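Only one structure is covered here, and it is reproduced in the block below.
Bear in mind that the values in this text are calculations on the coordinates, not laboratory data. Since this is a predicted model, take the numbers as computed values, not measurements. FYI the Cβ positions are ideal-geometry reconstructions off the backbone, even for glycines, and counts take in every protein chain you see.
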Amino acid sequence: MDLPTRVKLLEVGPRDGLQNEKSPVPAAVKVELVQRLQNAGFKEIEVTSFVSPKWVPQMADNAEVMAGITRQNGVRYSVLTPNLQGFEAAALSRPDEIVVFGAASEAFSQKNINCSIAQSIERFAPVVQAALAQGIAVRGAISCAVGCPYEGEIAPERVALVARLMHGIGVQHVGVADTIGVGTPLRVQRAMEAALSVYALDQVSGHFHDTYGMALANILASLEMGVWQFDTSVAGLGGCPYAKGATGNVASEDVVYMLHGMGIATGVDLDALIDAGKFISDFLQRAPNSRAAVALLNRRAQAQ
Ligand code: HMG
Ligand code: MG
């Protein structure tokens, strides 16, 4: 079996990781988290989202966070934009990439962005056009690609349909997202196949929440198909406020530990990543939601 020798990780902690936190996290803490993540070697960081502050209060400081980060050459900073209003606000912050986020489930589309799948594509089309015209890359997220908190199991055909719709409006890359972490390896492979029936291998990534502890297995199953790009979240933070039962994303620390153990390069320094995870976990007053991070922190403590 030929696994990729190198994997690109997109760190979504500052956005997906923090969006679900109930207490406000100050912009300065978010800025420092981004700094620590880029110092750890991430070349792709999802910083914030330009969504309604009534819907997601935690992301209300989007412009402040974007203005506060110190950009490093070679690092791409992305933000979520659900509509033209969000894009116009985001564009002032000069993101390298924007993310339009749709769903393979009608019910989730309604709950998350207050419109149907068809309406969401109509809304995304001018956003994609405006972004590409300004030289900003465009990624699409396909939420609920294997299961939905409202509709249950989602057929791979739904993923292919949304991928086709996104492709039709010019979205350059799609992320196959298991929003509520219910996927198991074979089902995830079917969802990936559906996206790969529309997009090339280099234009598809995996975004797995770890609710049932399946995310690492799902990454491995995707690697077996040649998929080499994944979203991960420092300290396993994350969740979507409109996806009941969803818990954190797969922890970056666990993924880096697994990949390095398999001889697959990520460019991420695990020790610096552990420090970044400890920084944000200390702020949130909880232990990192990562088995590898906890084990390595314990080992550090014993070595002292
Ligand atoms: P809406 O209420 O239908 O919007 O919300 P509207 O166009 O009718 O406008 C209503 C009000 O919202 C107006 O303000 C607009 O100005 C304002 P008012 O006149 O009432 O004062 N508004 C905005 N304000 C700031 N930024 C904007 C914006 N748009 C309208 N962009 C909307 C529609 C999409 C805005 C709303 O449903 C929303 O913000 N949803 C975002 C939900 C969200 O962020 N979810 C989490 C991210 S997705 C995710 O986590 C999944 C992912 O990780 C992958 C996975 O795991 O599956 C990506
Ligand atoms: Mg997510």
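How much length, in nm to one decimal, is gained on full extension between Gln172 and Ala133, taken as 0.36 nm per residue of separation minus their Cα-Cα distance?
That works out to 12.7 nm of additional length.
For the residue pair Leu92 and Glu153, what label-to-label distance in nm results when each label sits 7 Å from Cα along the Cα-to-beta-carbon direction?
Result: 4.8 nm between the two label points.
Build a GNM of the chain with springs between Cα atoms under 10 Å: which of Asp275, Asp178, Asp16 gets the top mean-square fluctuation?
Comparing Asp275, Asp178, Asp16 in the GNM, the peak value goes to Asp275.
Rounded to the nearest 500, what is the chain's calculated 222 nm mean residue ellipticity when only DSSP H runs of at least 4 contribute -39500 (n - 2.57) each, over all residues?
Value at 222 nm, helices only, nearest 500: -12500 deg cm²/dmol.
Which residue, Gly206, Gly13, Gly267, has the most motion in a Gaussian network model of the chain that connects Cα atoms within less than 10 Å?
Gly267
Sort out for me the Cα centre separation of segment 247-296 from segment 153-203, rounded to whole Å.
For segment 247-296 versus segment 153-203, the Cα centre distance is 26 Å.
Enumerate the residues in segment 120-155 having an amide nitrogen under 20 Å from the point lying 7 Å beyond the Cα of Leu84 toward its Cβ.
Only 120-139 fall inside the zone, counting backbone N under 20 Å.
What is segment 129-280's relative contact order, in percent, from Cα pairs under 8 angstrom and six or more apart in sequence?
RCO, segment 129-280: 19 percent.
Considering Cα pairs under 8 angstrom that are at least six residues apart, work out the relative contact order of segment 78-155 and quote it in whole percent.
Worked out over segment 78-155, it gives 35 percent.
Report the label-to-label distance for Leu3 and Thr70 in nanometres (one decimal), using points 7 Å from each Cα along the Cα→Cβ vector.
3.6
Need one word for segment 169-304: rounded, prolate or oblate. Basis is the Cα gyration tensor (sqrt eigenvalues a ≥ b ≥ c); a/c below 1.5 gives rounded, then a/b vs b/c decides.
prolate
So what is the relative contact order for segment 8-303, in percent, with contacts set as C-alpha pairs under 8 Å and at least six apart?
Relative contact order here is 18 percent.
Write out the trypsin sites (Lys or Arg not before Pro) in segment 164-270 meeting two conditions: DSSP loop, and at most 11 other Cβ atoms within 10 Å of their Cβ.
In loop regions of segment 164-270 (DSSP not H, G, I, E or B), the sparsely surrounded trypsin sites (Lys or Arg not before Pro) are Lys244.
Give the list, by residue number, of cysteines in the chain with no other Cys Cβ closer than 4.7 Å, or say none.
Cys115, Cys240
For an R0 of 30 angstrom, estimate the FRET efficiency from the Cβ-Cβ distance between Asp202 and Ala301 and round to the nearest 0.05.
On the way: r = 41 Å, r/R0 = 1.37.
Plugging the Cβ-Cβ distance into 1/(1 + (r/R0)^6) gives 0.15.
Could you tell me which of the pairs Lys22/Lys43; Lys22/Lys244; Lys30/Lys244 are separated by over 23 angstrom between their Cα atoms in the structure shown? Before the final figure, lay out each step's value.
Values: Lys22/Lys43 28 Å; Lys22/Lys244 15 Å; Lys30/Lys244 25 Å.
The pairs that break the limit, which is 23 Å between Cα atoms, are Lys22/Lys43; Lys30/Lys244.
Which shape class, rounded, prolate or oblate, goes with segment 136-197 when its Cα gyration tensor gives a ≥ b ≥ c as root eigenvalues, a/c under 1.5 marks rounded, and past that a/b bigger than b/c marks prolate? Provide the component values of the computation, followed by the final result.
Values: a/c = 1.95, a/b = 1.75, b/c = 1.12.
Prolate.
Compare Pro126, Pro26, Pro149 in a GNM of the chain, Cα atoms joined below 10 Å, and give the one with the largest fluctuation.
Greatest mean-square fluctuation among the candidates belongs to Pro26.
Rounded if a/c is under 1.5, else prolate if a/b beats b/c, else oblate: with a ≥ b ≥ c from the C-alpha gyration tensor eigenvalues square-rooted, which is segment 19-139?
Numbers: a/c = 2.01, a/b = 1.37, b/c = 1.47.
Since a/c reaches 1.5 but b/c is at least a/b, the shape of segment 19-139 is classed as oblate.
Quick one: if the Förster radius is 41 Å, what FRET efficiency do Leu161 and Gln285 give, using the C-beta to C-beta distance and rounding to 0.05?
0.45
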